[in-house]
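The values are calculated or read from the model by the stated rules, or taken from the named source; none is laboratory data. In this text the structure is predicted, and so the values were computed from the model without any measurement. Using ideal geometry, Cβ is built from the backbone for each residue, glycine included, and neighbour counts are taken over all protein chains shown. Side chains are part of the model used for accessible areas, which takes the heavy atoms of the whole protein and leaves out ligands, DNA and RNA. Shrake-Rupley method; radii C 1.70, N 1.55, O 1.52, S 1.80 Å.
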Amino acid sequence: MYSASAEYNTKMAANTRRILGKVQVDYTGPFIDQSITVDTNEEAIISYDEQIADAITGTYGKIASLDGSWVLDGTWVTAPLESTRGQMGWWGSQLSGTGGAFATPYPTATITFFPRPINNLLVIGDTARVEYPVDFTINLYTDTDKLELAYSEVVTANDSVIWTKALTQAETGIEVMELIITKWSHEGRQAKVIELYTSIQETYEGDEIFSIGLLEEREVSQGTLPVGNISSNEIDLKLYNRDRRFDAGNVDSNLYQLLKANRRIKAWLGTELDSEAVEWVPLGTFWSGDWNIPEQDIFAAVSGRDRLEQLRRSTYASSIVEVNKSLYYLADSILQDAGLSIDEYEIDASLDLIIIPYAYFNRQSHREALRKIAESCLGQVYCDREGKIRLTIPELSTEGFSYPELSVNDDLYLMQDTEVEGFTFSLNDNTEVVLNIEQANTKDNYYTKDNPIKWSQIANHIEVNTLPLSVGQSEVVYTTSEPEPIGASETRTLTIFYSKQPCINASATITGPATIDSITYYSWGASVTVSSVVETTFGFSVTADPLIVIGQQTIIRENEQSITDNGLIQFKFPDNPLIQTRSQAIDIAERLVNYYSNPRRDVSLNWRGNPTWELGDTVAVIDDNEVNAYGIVRQSLEWDGTLKATLEGRRV
């Protein structure tokens, strides 16, 4: 359940309620504008200059340095060794002098990008160390040679870590933004900037929004048992186009030529509290797809998907054979390779206990690699409301929901022998036991309820194959089928694929006058750079040790009572190269047969909706006959000034 105030939830449950919508769209930014480059005239040994244009506005911790500020009090962190391991930003090398003044040449950062309008200026210092520029200048240029100065902002006596200014009139056609720092907030410190680049961002509220539609799910039904689940959440928006600002041909619009794919979208649903402040609950972070802007209508429609859709379009090609590595390590490596920072994903700690003897991935998308990890541990991959990718292992319980055993002692204190998350018990004035449910749906809240029994998701005979790997005999796994041509003084890069995958201990041989400049070996092949002084042809081969499956076993688990009651229903678990040990296969087979061997009455609801309810929450559904608990696996929210929702849950 997303954390919100008690008043927010009370107003969501009220018979009469007013629900507000808000949408934020970034029309430019580092993830969608590949033209952005960052240059600085000085930097520390560890400095991540590109982070001043990545839209992340906070330092990941109070980073220790040898400038005299470091105290061994447990509050400091070391600098990240990779940019994806933490937000550090640009650190200069020059230490400020008396009063924080820098000497010439002053610390300078320059950001270059395709021509765009600038509406706001922003400079953020070190938010953890609370250091910032005091005197500085921001210059905006309309040419990359910095000859055409369009605007200059000179700031003195700044006393804030976050400095920002909205320009009275947008500066158009800007290609270069330059920051020159002349004075720092502390003596004897380096310049430290976490963010400088500002994106074109618009926020829409109230009657600027026609509708918001959200679909989020952790399981995708494919007519069989839901294993290896990975799904992208989706959002559909309709925005009011009353002033035709979204029209593609409106050259006077500040959004002209900016309605493209991969615009970042954030959405919220909120309500006004008694204090007249609005409390918002996020619906997620998405990236836009197609825009639909009919000339005869007054709306602009766009749909978006979360970060997992981007991982479907990127390639994980750097896999090598890893020996005795955990699923946690593998998932972390994939997400790091995809360019995510550590605060953009979360991996279930229990994956660190599952060790794979020979782990590898063929060349494939980052999303498919994550799916294979999820499948090998019966996990799920999804994005939460904050836009963070989560890889979790849901508990497959067969015990069902049961009420805690309760008793009352002589002093009438309620004794609770067991606990169920979200369900508590208390005594009222008449010493009656009262059930208190944190998240519940009664007949007053839902319009229709169905308890489907999905026979396609029942299996009482489970088969799981192990695929243990052993090192085979060295052999030629690649050779050129015909001579490769290369020109004089030419350099070529080849991507090759082994005839057997995976392989280790690879070694390349080239024939002809060409030479190998560099080669990187992977589990599936190699990337080879070849050059030649003269025009010629060359041949190329690779010898390696393939890993082969030896000792494959099929683990079978059955539920005999279910077979008697329902007949034999078989499920063959997909072969997965990460399932190599007998113990791992047994765990998968037993968990599946225990959970899926008997029909379950899941739930499907059409109800009033509450934005704080999230995937994975345990909720109670109460009717005239019973109280049952379900884990939310899929839900949709539809807002058009009013809110309605559908929910699907698995019995727990």
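Tabulated data for the structure shown
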{"quantity": "Matching residues, the range 71-101, being surrounded by 14 or more Cβ atoms within 10 Å (Cβ to Cβ) and in a loop (DSSP other than H, G, I, E, B)", "calculated": "ALA79, PRO80, GLY86, GLN87, MET88, GLY89, GLY92, SER93, GLN94, LEU95, SER96"}
{"quantity": "Qualifying positions in the range 569-593 - closer than 15 Å to LEU225 by Cα, out of contact with any Leu (no Cβ under 7 Å at 6 or more places or on another chain) and assigned to a helix (DSSP H, G or I)", "calculated": "ALA589, GLU590, VAL593"}
{"quantity": "Entirely in the range 480-568, the strands (runs of 3 or more DSSP E) that have 1 or more residues that are free of Cβ contacts under 8 Å to residues at least 60 places away in the same chain", "calculated": "484-486, 490-497, 503-511, 515-521, 525-532, 536-549"}
{"quantity": "Residue that is most open to solvent (accessible area, probe 1.4 Å), among those in the range 336-354 that are under 15 Å from ARG307 (Cβ atoms) and among the β-branched types (Val, Ile, Thr)", "calculated": "ILE342"}
{"quantity": "Qualifying positions in the range 78-127 - basic (Lys, Arg) and either closer than 15 Å to THR59 by Cα or in contact with a Gly (Cβ under 7 Å, 6 or more places away or on another chain) (or both)", "calculated": "ARG85"}
{"quantity": "Within the range 522-554, tally of residues that are open to solvent by 40 Å² or more (accessible area, probe 1.4 Å) and under 26 Å from ALA488 (Cα atoms)", "calculated": "4"}
{"quantity": "Yes/no for GLU202 being surrounded by fewer than 18 Cβ atoms within 10 Å (Cβ to Cβ) and part of a strand (DSSP E or B)", "calculated": "yes"}
{"quantity": "Number of the exception - TYR8 against (1) more than 28 Å from the chain's Cα centre (by Cα); (2) buried (at least 18 other Cβ atoms within 10 Å of the Cβ)", "calculated": "(1)"}
{"quantity": "Subset of the range 601-631 [of a type in the set (S, T, N, Q), at pLDDT 80 or above and either closer than 23 Å to ILE230 by Cβ or assigned to a strand (DSSP E or B) (or both)]", "calculated": "SER604, ASN606, THR618"}
{"quantity": "Looking only at the range 148-167, and only at residues there that are free of Cβ contacts under 8 Å to residues at least 40 places away in the same chain and outside any loop (DSSP other than H, G, I, E, B), the one that is surrounded by the most Cβ atoms within 10 Å (Cβ to Cβ)", "calculated": "VAL155"}
{"quantity": "Residue satisfying condition, being at pLDDT 95 or above, among the small types (Gly, Ala, Ser) and open to solvent by 20 Å² or more (accessible area, probe 1.4 Å), within set SER407, SER333", "calculated": "SER333"}
{"quantity": "Hits in the range 362-396 (condition: closer than 26 Å to PHE497 by Cβ and either part of a loop (DSSP other than H, G, I, E, B) or free of Cβ contacts under 8 Å to residues at least 60 places away in the same chain (or both))", "calculated": "ASN362, ARG363, GLN364, SER365, HIS366, GLU368, ALA369"}
{"quantity": "Residue in the range 323-334 that is farther than 18 Å from ILE230 by Cβ, part of a loop (DSSP other than H, G, I, E, B), in contact with an Asp or Glu (Cβ under 7 Å, 6 or more places away or on another chain) and not β-branched (Val, Ile, Thr) present", "calculated": "no"}
{"quantity": "Verdict on ASP145 being of a type in the set (Asp, Glu), assigned to a loop (DSSP other than H, G, I, E, B) and open to solvent by 20 Å² or more (accessible area, probe 1.4 Å)", "calculated": "yes"}
{"quantity": "Of all residues making up the range 462-477, the number that are open to solvent by less than 30 Å² (accessible area, probe 1.4 Å) and either free of Cβ contacts under 8 Å to residues at least 60 places away in the same chain or of a type in the set (Ser, Thr, Tyr) (or both)", "calculated": "1"}
{"quantity": "Selection from the range 355-368 of residues that are crowded, with 24+ Cβ neighbours inside 10 Å and more than 13 Å from TYR328 (Cα to Cα)", "calculated": "PHE361"}
{"quantity": "Members of the range 181-197 found to be open to solvent by less than 40 Å² (accessible area, probe 1.4 Å), modelled with pLDDT of 90 or more and of a type outside the set (Asp, Glu), listed by number", "calculated": "ILE181, TRP184, SER185, GLY188, GLN190, ALA191, LYS192, VAL193, ILE194, LEU196"}
{"quantity": "Failed item in (1) open to solvent by 10 Å² or more (accessible area, probe 1.4 Å); (2) within 22 Å of GLN380 (Cβ to Cβ); (3) modelled with pLDDT under 85, with ASN594 passing the rest", "calculated": "(3)"}
{"quantity": "Selection count, the range 180-199, where residues are in a loop (DSSP other than H, G, I, E, B) and not small (Gly, Ala, Ser)", "calculated": "8"}
{"quantity": "Residue under evaluation ASN451, criteria (1) over 30 Å from ASN566 (Cβ atoms); (2) open to solvent by less than 70 Å² (accessible area, probe 1.4 Å), criterion not met", "calculated": "(1)"}
